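The values are calculated or read from the model by the stated rules, or taken from the named source; none is laboratory data. Computed from a predicted model, the values in this text were never measured in an experiment. We place every Cβ from the backbone using ideal geometry, glycine too, and count neighbours over all the protein chains shown.
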Amino acid sequence: MKYDVVIIGSGLGGLQCAYILSMEGYNVCLLEKNNQLGGCLQTFRRKNSIFDTGMHYIGSMDEGQVLNNFFRYFRLTSKLKLKRMDENGYDVVKYNDREYKFAMGYDRFTETMLQYFPKEREALLKYTDKLKEISTAVDLFNLRDTSHHQTGYLDYFSVGIDDFLSSTTKDQTLKNVLLGLSPLYAGIKEASPLYLPMIIHSSFINSAYRFIDGGSQISDLLAGYITENGGTIIRKAEVTDFLFESGKLKAVKINNSEIIEGKNFISNIHPKTLLKIAGNAPLRPAYRSRIESTEETIGVFSLYLSMKENAFEYVNKNFYVFKTDNVWEGAKYTPENWPRGYMMHFSPSSKNEKYTDAIIINTYMKWEDVSAWEKTTVEKRGDDYREFKRKKAEKLFDVIESDFPGIKSKTEACYSSTPLTYRDYIGSPTGSFYGMLKDFRDPLRSMVMPRTSIPNLFLTGQNINIHGVIGVTICSVLTCSEIIGTRYLIGKVRNA
Ligand SMILES: Cc1cc2nc3c(=O)[nH]c(=O)nc-3n(C[C@H](O)[C@H](O)[C@H](O)COP(=O)(O)OP(=O)(O)OC[C@H]3O[C@@H](n4cnc5c(N)ncnc54)[C@H](O)[C@@H]3O)c2cc1C
């Protein structure tokens, strides 16, 4: 059987492309190497707790806002079980032991910040004006047609967020606080472009929501629709080879045996992983070497706390805690001073509104810390790896206990994951937090387009546009536009 479109990888991007194209009558086949669909949307259950792995909150889901509109097209908006976060402080940056709340809405955000920085009105207005300017400049962020090849906003890729903030305020504390969301893009002072934090913050400043009982609701719903539309989903189907004929992709091989043929192919896997599998792909050497040499974002160590019943009250905000004077230092740790900060998320449960049974803490971890076990696979990494994880978990948990006294005694069990876990469950080469690093000093280097020089091979997912739910969703629309036309698809999304 030859499919119209074969999609490799069932991350958010793969699922959305399969949804869009199957809705348009294409005979799609979605291939996923894991048993569970969703990539970073995967959840896991321990005791009675459901843990998200790579989707803790989403932005712009109020009626009329951008994600709400996109998700209405995907028939998700009215189906998802969501909890709107605290509008007076959905994110809290804890810096030098003081808490700074990030409120929803531009005016509320500015007024809240003015309580901490009363002399900085001008700087704060400059900051929020830039948020508005950038989010308005991107066509798809506003559901505008992109067929005129929008390029204006690309300028924001060649300015650094650190430089922008330095030109906005002389107050170092305000600057650090505004950079407090940098773990959301694994920020690096020397590299992070203005565009990235601005798009992310503007999506959350509109509104912020958590998933009740986990984000895998998205993958379950999309998979159901794809199947309803006649699409095929094959789990435990790892693409292990690409078969080319006359410069086009003819088929992929799964699990080193079965051949799946298609007219068109969309890859939702990390571009470096794609190049590794498709070693013989007729791609230009310059393209190949650009992708292969692009740096990755740092990895993540996660601590998952399963809480005792009715022990820890649900907190409707995230914490971004810093143990350094300069927030950029978070990723520059030594074994002695790790961790230099962390993000903390509390999961809402449909069973108990008052208490949480799952708390997730993420902190940076470099690939070098775990590369000694790079040849191992899940559950087969040996006692020394288990001991490494145990020690790291203990150290992080001690830091959490000093910030949230009593949390240990309310915890039933604690689990952890490292960049190796992300490498093996997602397929990113070094288990990076958000895929390839965006660098304002050389913005074109990390810019990968949905279209490749192989006429029937397209790319989608976080490495192609930007990471996160909005970035990946916009990219899915861009990728499918290559097959069904931009104006037509945007019209469908707008009118959904
Ligand atoms: C710890 C963490 C927290 C995050 N928190 C948030 C958040 O709160 N909000 C937010 O918006 N974003 C968040 N993100 C980012 C967000 O999760 C990602 O940007 C997004 O989900 C990536 O989607 P994707 O389509 O690129 O696919 P991915 O999630 O990267 O999935 C790729 C899929 O391809 C499959 N695959 C790989 N190789 C093969 C192969 N050879 N054959 C078949 N299948 C293959 C993988 O198994 C996987 O299912 C977070 C990320 C991390 C890591």
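Quick check, is ARG45 part of a helix (DSSP H, G or I), on the phi < 0 side of the Ramachandran plot and among the basic types (Lys, Arg)?
Details: part of a helix (DSSP H, G or I): no; on the phi < 0 side of the Ramachandran plot: yes; among the basic types (Lys, Arg): yes.
No, not satisfied.
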inquiry  = So, in the stretch 370-385, exactly how many residues are surrounded by fewer than 11 Cβ atoms within 10 Å (Cβ to Cβ) and either in contact with a Pro (Cβ under 6 Å, 6 or more places away or on another chain) or not in a loop (DSSP other than H, G, I, E, B) (or both)?
reply    = 2
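May I ask you to list the residues in the stretch 232-278 that are in a strand (DSSP E or B), in contact with a helix residue (DSSP H, G or I) (Cβ under 9 Å, 6 or more places away or on another chain) and not hydroxyl-bearing (Ser, Thr, Tyr)?
The first filter runs over the stretch 232-278 and keeps only residues in a strand (DSSP E or B), leaving 232-234, 239-245, 248-254, 258-267.
Add one more test, that the residue is in contact with a helix residue (DSSP H, G or I) (Cβ under 9 Å, 6 or more places away or on another chain), and what stays is 232-233, 239-242, 252, 264, 266-267.
Within the stretch 232-278, ILE233, VAL239, ASP241, PHE242, VAL252, ASN264, ILE266 qualify.
Could you please let me know if ASN229 is surrounded by fewer than 23 Cβ atoms within 10 Å (Cβ to Cβ), in contact with a Gly (Cβ under 9 Å, 6 or more places away or on another chain) and in the same structural domain as SER476 (by TED's automatic domain parsing)?
yes
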ask   = Do we find a residue being over 29 Å from VAL469 (Cα atoms) and assigned by TED's automatic domain parsing to the domain that holds TYR314 anywhere in the stretch 421-431?
value = no
remark   = Over the stretch 268-321, the set of residues buried (at least 20 other Cβ atoms within 10 Å of the Cβ), touching a Pro at 6+ places or on another chain (Cβ under 8 Å) and more than 25 Å from CYS17 (Cα to Cα) is GLY299, VAL300, PHE301, TYR320
note = If we keep only residues of the stretch 257-278 that are within 13 Å of the ligand (Cβ to nearest atom) and of a type in the set (Gly, Ala, Ser), then the residue nearest to the chain's Cα centre (by Cα) is SER267
query = In the stretch 266-299, what count of residues is obtained for those that are aliphatic (A, V, I, L, M) and over 21 Å from SER10 (Cβ atoms)?
reply = 5
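So, in the stretch 206-225, of the ones that are assigned to a helix (DSSP H, G or I) and within 17 Å of the chain's Cα centre (by Cα), which residue ends up nearest to MET61 (Cα to Cα)? Working first, answer last.
Of all residues in the stretch 206-225, those assigned to a helix (DSSP H, G or I) come to 206, 216-225.
Going one step further and asking which of them are within 17 Å of the chain's Cα centre (by Cα), we end up with 216-219.
Numbers: SER216: 17, GLN217: 15, ILE218: 14, SER219: 17 Å.
Selected residue: ILE218.
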ask   = Which of the residues belonging to the stretch 400-428 are part of a loop (DSSP other than H, G, I, E, B) and crowded, with 18+ Cβ neighbours inside 10 Å?
value = ILE407, THR418, GLY427, SER428
